[in-house]
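The values are calculated or read from the model by the stated rules, or taken from the named source; none is laboratory data. Predicted, not measured: the structure shown is a model, and the values here were computed from it. Counting neighbours? That spans all protein chains shown, and the Cβs are built from the backbone with ideal geometry, glycine included.
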Amino acid sequence: MLNVNLSRTDRLFRVARPVLSARIERRPSTATSDGRVLVTRARRFVVVLSILSLTFAAPLATPVNATTLPTWAITVNVKMAQSTVDDQGGLVYALSRVSTQFDTINHRFNDTGRFKGIVNFRETSFAVYSDMASNEKDQPHPDSQLQLIYDENQDTGGGWFGGASQTIVHDWDVADGGLFGPNATDGLVHEFGHSREATDEYALNVDATKNPIDGKAYQEPYSIMVYPYGVRTWSDYSVGLINQAADKVNPAGPALASGDFPAQLQVKVVNSDGRPLSKAKIALYPVAWFTYSVAPTPTVSGSTNGAGLYKLSTNPFQPGSKGSPWDMKYCNFRVKVTSGAKTGYAWMPLTQVGAKYFSNPNSTYTLTVRTG
């Protein structure tokens, strides 16, 4: 495996001309007993020369108020399949495209001006491998917080692998522009969002045909963690989680999201005139992650008090559920209220509840449901 160490200074360069790439790709091996060591050293030397034969790139993207913000430097060990390096035209071209893509990713975080720090994903090493990405993703990377594996030709499946792995496998169809196309880069921003504790917000969606309670669909507003392609906005919930994560990684868990709830959750029932309704019946029908469906049986039920409020005695999202995504069993609820002959419905998605927490951790989240 060929390894390249990228110092902080090296990162500030971009490829001007791959003048030495032919020496990297075509240098013949020797027949001596120590030839393999000699070739390894020669290749390493050539790579360093190639990196130093580069031109300065634009500085890291920073928000307007950057002088008041800390820099969140998150180190990344980068690996690329040898076949992918070849497809990119050689090692120097591959290094250049990786660095350019990292710049774009940092821009997507920092250009919004919504974070409490300057996000700086920084590639600290580059390795070329010849086996499958699935064999590489669980390899330790003690010198970097994260690992990014590029593999355009092996059907290993891509995405974020959390826990002890802390790895992104970037596997993109050549027919869709390849690893460095616009859609691939947008998708990679989404995956780096996961590395900062953001959740898959599209998993909260519900298909109308999979809602046996009232047949209504649910769609999370578009943001990078819902549908990243061509989208440049982060939800309030993702912003809160990313700010909380800052420059830390969380390989041992639990997921930060599982602890980010307001002090109290409650449902308020009102009539068409906005008057609180007492003794209204409440039922919470859960949506499990990635099922896009509402369960036919409620997990929480009760009735409102004289002020039209029903205070939940336990957290219906069931944080602390090991083995569930982000250590929570449910990500959304269809809430049904009944008062006499009239009913009302509302959604209670994790993103709204969590956003309330980030606005004020000691607050009460109140879902108001109006009867028809």
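Suppose the filter is over 29 Å from Ala127 (Cα atoms), at pLDDT 95 or above and buried (at least 18 other Cβ atoms within 10 Å of the Cβ); does Ser238 pass it?
Working: over 29 Å from Ala127 (Cα atoms): yes; at pLDDT 95 or above: yes; buried (at least 18 other Cβ atoms within 10 Å of the Cβ): yes.
Spelling it out, Ser238 is indeed over 29 Å from Ala127 (Cα atoms), at pLDDT 95 or above and buried (at least 18 other Cβ atoms within 10 Å of the Cβ).
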> Which of (1) out of contact with any Lys or Arg (no Cβ under 8 Å at 6 or more places or on another chain); (2) surrounded by fewer than 22 Cβ atoms within 10 Å (Cβ to Cβ); (3) touching a residue at least 60 places away in the same chain (Cβ under 8 Å) is the odd one out, the single condition Leu204 does not satisfy?
Replying inline: (2)
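Among the candidates Val335, Val287, Val353, which residue alone is β-branched (Val, Ile, Thr), farther than 22 Å from Glu197 by Cβ and surrounded by 21 or more Cβ atoms within 10 Å (Cβ to Cβ)? Spell out the reasoning first.
Numbers: Val287 fails: farther than 22 Å from Glu197 by Cβ; Val353 fails: farther than 22 Å from Glu197 by Cβ.
Being β-branched (Val, Ile, Thr), farther than 22 Å from Glu197 by Cβ and surrounded by 21 or more Cβ atoms within 10 Å (Cβ to Cβ) holds for just one of Val335, Val287, Val353, which is Val335.
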> Does Val267 qualify as being touching a Phe, Trp or Tyr at 6+ places or on another chain (Cβ under 6 Å), under 27 Å from Gly162 (Cα atoms) and not acidic (Asp, Glu)?
Replying inline: no
>> Quick test of your reading of the structure: Thr185 fulfils all but one of (1) surrounded by fewer than 23 Cβ atoms within 10 Å (Cβ to Cβ); (2) touching a residue at least 24 places away in the same chain (Cβ under 8 Å); (3) part of a loop (DSSP other than H, G, I, E, B). Name the failing condition by number.
In response: (3)
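Regarding the range 100-119, can at least one residue be identified that is of a type in the set (Ser, Thr, Tyr), buried (at least 18 other Cβ atoms within 10 Å of the Cβ) and more than 19 Å from the chain's Cα centre (by Cα)? Reasoning before the result, please.
The initial filter retains those residues of the range 100-119 that are of a type in the set (Ser, Thr, Tyr), namely 100, 104, 112.
Cutting the leftovers down to buried (at least 18 other Cβ atoms within 10 Å of the Cβ) gives us none.
For the range 100-119, residues of a type in the set (Ser, Thr, Tyr), buried (at least 18 other Cβ atoms within 10 Å of the Cβ) and more than 19 Å from the chain's Cα centre (by Cα): absent.
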> Looking at Gly89, Gly157, which is the one that is under 21 Å from the mean Cα position of the chain (by Cα), part of a loop (DSSP other than H, G, I, E, B) and among the small types (Gly, Ala, Ser)?
Replying inline: Gly157
>> Can you tell me which residue is surrounded by the most Cβ atoms within 10 Å (Cβ to Cβ) among those in the range 128-149 that are modelled with pLDDT under 95 and not in a loop (DSSP other than H, G, I, E, B)?
In response: Ala133
